[in-house]
């Protein structure tokens, strides 16, 4: 079996009230490859991120599709196709970290001849994922923190993450955990927002992303904070080449990336030697 006994679950800190409400605040960044908040206490950063996602869970899927004009669905499907060779192996184990409401896990399940594990540390998001799962979807949902996974060493054939790396309290530890649970020759796939190529498209997208998207997201979700955090976190996240170099530094080989929609998102792929 690929699981260790799971660690105790940290308490959630989500806040509910009528009307627009504030999610837990995130402090200013400390370094581009350390934390989304740069707080001295990774636990408090993790609690703030958990609270933020719990606050928007009920509208999360709709807002993803609406604010991206449906492109997020295509990006996840492309990620699943990129791991098709791994997924179609009989008995393969593919882990989707920071799985949220499970959309990438379900995309994997369509190709899988083995087991797909979706892991997230935000319980309200996982509850929605389990409700969306068909009885024979083949996805096992697990409440777990990416920085401390209850998975055995070298237990997964592929590890993937969609739009989650930015939100880790420690990027380096997260990538080290991914490498730990991967088997030798295993595949890593990271789908994340990146830097848009092209001066005209880039300028138009940045205006939308920084000014219109936060207002739309706040209005529709009724929660103040998360949809301002989104462009803020993307602006300080490494670009395509910097993330590729970071993965090589962490011991991955055959690192490459594919831009989607002009670089709005990028899929980084790599192998554990």
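Every number in this text was worked out from the coordinates using simple rules, so none of it is lab data. If you're wondering where the values come from, they're calculated on a predicted model, not measured in any experiment. For neighbour counting, all protein chains shown are included, and Cβ atoms are generated from backbone atoms with ideal geometry for every residue, glycine included.
Ordering 219, 75 by the number of other Cβ atoms within 10 Å of each residue's own Cβ, fewest first, gives 219, 75. Considering only alpha-carbon pairs that sit under 8 angstrom and 6 or more positions apart, the relative contact order computed for the stretch 80-174 is 32 percent.
Beta-bridge orientation, the stretch 159-273: approximately 75 percent antiparallel, per DSSP, counting only bridges with both partners inside.
Each of 112, 235, 155 was scored by other Cβ atoms within 10 Å of its Cβ. Arranged with the fewest first, they read 235, 155, 112. Potential lengthening of the chain between residue 258 and residue 44 amounts to 73.7 nm, from the contour at 0.36 nm per residue minus the alpha-carbon distance. The alpha carbon convex hull volume per residue for the stretch 50-108 rounds to 79 Å³. This ranking places 88, 177 by how few other beta-carbon atoms lie within 10 Å of each, fewest first, which gives 88, 177. Reducing the stretch 69-98 and the stretch 208-240 to their Cα centroids gives an inter-centroid distance of 25 Å.
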